[in-house]
Amino acid sequence: MDTTPVNTYDGINFLRISCRSQLEKNACGIHLACRSSCGNALLVRADAIASNAGAGTAGSFYGCVADFDGDGWPDIYFVNGRDRYGRGINVRNALYRNNRDGTFTDVTEKAGVPGTGFGLGCVWGDYDNDGFPDLFVTQFGKNVLYHNNGDGTFTDVTDKAGVGGLETGNFHSGATFVDYDRDGKLDLYVGTYVTMDPETQRYCKVSGVLTSCPPTAYKGSPNALYHNNGDGTFTNVTKSAKVLEPDGKGLSVGAADFDNDGWPDIFGRNGGNGLLAIGTTHGRDVHFARRL
């Protein structure tokens with residue numbers, strides 16, 4: 001199996017993966033399964049690589065790619081769920097360092113990034129401009145922000161930064177770093193899905209069959225736009241920036257300058273209508289205009 005880093009496209013990282021045989025599906029160290037057409041190179045979104053990851057990381061929901069150690073090779077972080085029902089299942093997230101030979105090494109414990117809850121998404125971004133990408137993980141419950149110390153280790157700075165996200169609910173989803181006000185510091189947008197707590201209904205009858213409830217059975221939760229204050233802290237400016245979706249049922253999110261006006265815009269995929277927030281400014285007042 002050969003893995004070759006490919007340049008990002010619109011902020012999305014890709015890996016070119018070439019599998020020569022089914023026997024190679026576990027050879028890279030992250031148990032990356034080859035498809036039936038293993039003879040061909042595949043261009044794969046690095047944040048959507050299916051993984052069996054091993055070492056207690058089976059069933060990873062999501063992943064994100066960055067060169068966290070600055071050696072010029074993309075590394076991979078996978079998020080994972082947690083045992084919320086006391087079944088004795090021990091799982092965690094996983095950070096895999098690229099060995100530069102088509103294999104990866106699990107450095108999660110050394111780096112100190114196992115996650116602190118049921119992981120749902122992740123995004124890398126150098127929010128403090130020190131040259132090393134930091135890691136933000138969305139979770140069921142409190143989110144976590146890991147500061148990259150530049151020596152292969154990370155520090156949980158969630159509380160100091162103020163981006164735990166419990167003010168918007170507990171079912172967090174997609175997130176993206178974006179310098180929406182062009183002040184040279186990365187800000188953070190986080191989607192939140194639906195309101196769910198221990199008393200929330202877990203099962204519904206659909207066509208006479210008891211199954212998981214559809215999104216319509218739940219009340220949506222608000223999103224959050226955090227402004228980077230430049231001192232290691234963030235401020236929730238969702239309402240003042242005119243991007244608040246109080247019942248949005250947020251899922252994935254992306255940021256780009258969709259209208260080529262020089263200001264980054266935000267697109268949020270919701271469990272209903274989507275949100276396209278067009279960035280605009282009047283003097284120092286940077287805000288968004290909602291468009292669907």
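Bear in mind these aren't lab numbers, they're just calculated from the coordinates by the rules spelled out. Just so you know, these numbers come straight off a predicted model, no measurement behind them. Cβ sites come from the backbone with ideal geometry, for glycine too, and all protein chains shown count toward neighbours.
Values as computed for the structure displayed
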{"quantity": "Pairwise FRET efficiency - residue 160 versus residue 103, Cβ, R0 = 22 Å, nearest 0.05", "calculated": "0.05"}
{"quantity": "Additional length obtainable on full extension of the chain from residue 206 to residue 257, 0.36 nm per residue less Cα span", "calculated": "14.3 nm"}
{"quantity": "Three-way shape call for the stretch 93-143 based on the alpha-carbon gyration tensor, with the a/c threshold at 1.5", "calculated": "oblate"}
{"quantity": "Stretch gain in nm, segment residue 235-residue 183, where the contour uses 0.36 nm per residue and the Cα spacing is subtracted", "calculated": "17.3 nm"}
{"quantity": "Loop sites in the stretch 129-159: chymotrypsin sites (Phe, Trp or Tyr not before Pro), DSSP, at most 11 other Cβ within 10 Å", "calculated": "none"}
{"quantity": "Three-way shape call for the stretch 126-283 based on the alpha-carbon gyration tensor, with the a/c threshold at 1.5", "calculated": "oblate"}
{"quantity": "Under 28 Å from residue 205, Cα to Cα: lysines that are on another chain or at least 8 residues apart", "calculated": "219, 249"}
